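The values are calculated or read from the model by the stated rules, or taken from the named source; none is laboratory data. Nothing here was measured: the structure is a model prediction, and the numbers come from that model. Counting neighbours? That spans all protein chains shown, and the Cβs are built from the backbone with ideal geometry, glycine included.
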């Protein structure tokens, strides 16, 4: 296994750990509330509530996970070993972690919020990964 591949594997592994952390934060913050119902969040909550922000952080990551996980696994299946690809996996991971921290820390309805920029960085990293895979396939 090359260093490039190991680096991409490590970033992907840490992404999966981040998902578990987000799930735990969302689940346990909500479970502490009186009369909490599993799988249901109060419709009256908004960004001023940490429970809402933790729930949205986790769900936003889930909404973006299909494309990221699909892209990364496809690259692994075709044994794509590009330093640019590995760097993009790391950029995506770091952008999602910063997005998570900002979502937990800042209660704002403002759009764009500071977390929006890191969301966009993650999207761009994912698009670059898709393009590099496409270029590899047509080469």
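Assorted remarks:
- Failed item, numbered, when residue 95 is tested on (1) in contact (Cβ under 8 Å) with a residue 60 or more places away in the chain; (2) over 23 Å from residue 31 (Cα atoms); (3) buried (at least 21 other Cβ atoms within 10 Å of the Cβ): (1)
- Odd one out for residue 84 among (1) exposed (fewer than 14 other Cβ atoms within 10 Å of the Cβ); (2) under 18 Å from the mean Cα position of the chain (by Cα); (3) modelled with pLDDT of 95 or more: (2)
- Any hit, the range 19-40, residues being at pLDDT 95 or above, surrounded by fewer than 19 Cβ atoms within 10 Å (Cβ to Cβ) and either closer than 30 Å to residue 135 by Cα or in contact with a strand residue (DSSP E or B) (Cβ under 8 Å, 6 or more places away or on another chain) (or both): yes
- The range 50-78 - residue that is in contact (Cβ under 8 Å) with a residue 12 or more places away in the chain and over 15 Å from the mean Cα position of the chain (by Cα) and, of those, surrounded by the fewest Cβ atoms within 10 Å (Cβ to Cβ): 78
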